[in-house]
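The values are calculated or read from the model by the stated rules, or taken from the named source; none is laboratory data. Quick caveat, the model's predicted, so the values are computed rather than measured. Quick reminder, even Gly has a Cβ in these numbers, built from the backbone with ideal geometry, and neighbours come from all protein chains shown.
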Amino acid sequence: MLYGDQQIMVALLSRLNRNQLALGAAVEELAIWIDQRGSTDVSGRAMEHLEELAANADFISEALLTLMDSAQDKHQSDS
């Protein structure tokens, strides 16, 4: 179990990550809707930006897991 500031930091970063994923999903739905109405250039640019979000999401998820493991290890060594 995480404690104190570490727990708050991991919770905060986790929520920010979930917000990023939700925003990405919303933008993707809008891009598809725009594409279906014929504005493929705008849709294409939105999808390019979504690729960046997806690439960063993988790193963020791994970093969160590392932080959680590190905080748990620190707590166990302090006990």
Under 9 Å between Cβ atoms, at least 6 apart or on separate chains: pull out the pairs that start in the range 61-76 with a residue that is more than 14 Å from Ser14 (Cα to Cα) and modelled with pLDDT under 85 and end on any residue that is among the hydrophobic types (A, V, I, L, M, F, W, C) and not in a helix (DSSP H, G or I). Ala71/Leu2; Gln72/Met1; Gln72/Leu2; His75/Met1; His75/Leu2
In the range 33-55, is there at least one residue being out of contact with any Lys or Arg (no Cβ under 8 Å at 6 or more places or on another chain), aromatic (Phe, Trp, Tyr) and over 30 Å from Gly4 (Cα atoms)? yes
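Okay, residues lined up against (1) among the small types (Gly, Ala, Ser); (2) in contact with a Leu (Cβ under 8 Å, 6 or more places away or on another chain):
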position: Ser14; (1), (2): yes, yes
position: Ala26; (1), (2): yes, no
position: Asp58; (1), (2): no, no
position: Leu64; (1), (2): no, yes
Residue by residue through the range 25-79, note down the ones that are of a type in the set (Lys, Arg) and assigned to a helix (DSSP H, G or I). Arg45, Lys74
Can you tell me which residues in the range 1-24 are of a type in the set (A, V, I, L, M) and part of a helix (DSSP H, G or I)? Ile8, Met9, Val10, Ala11, Leu12, Leu13, Leu16, Leu21, Ala22, Leu23
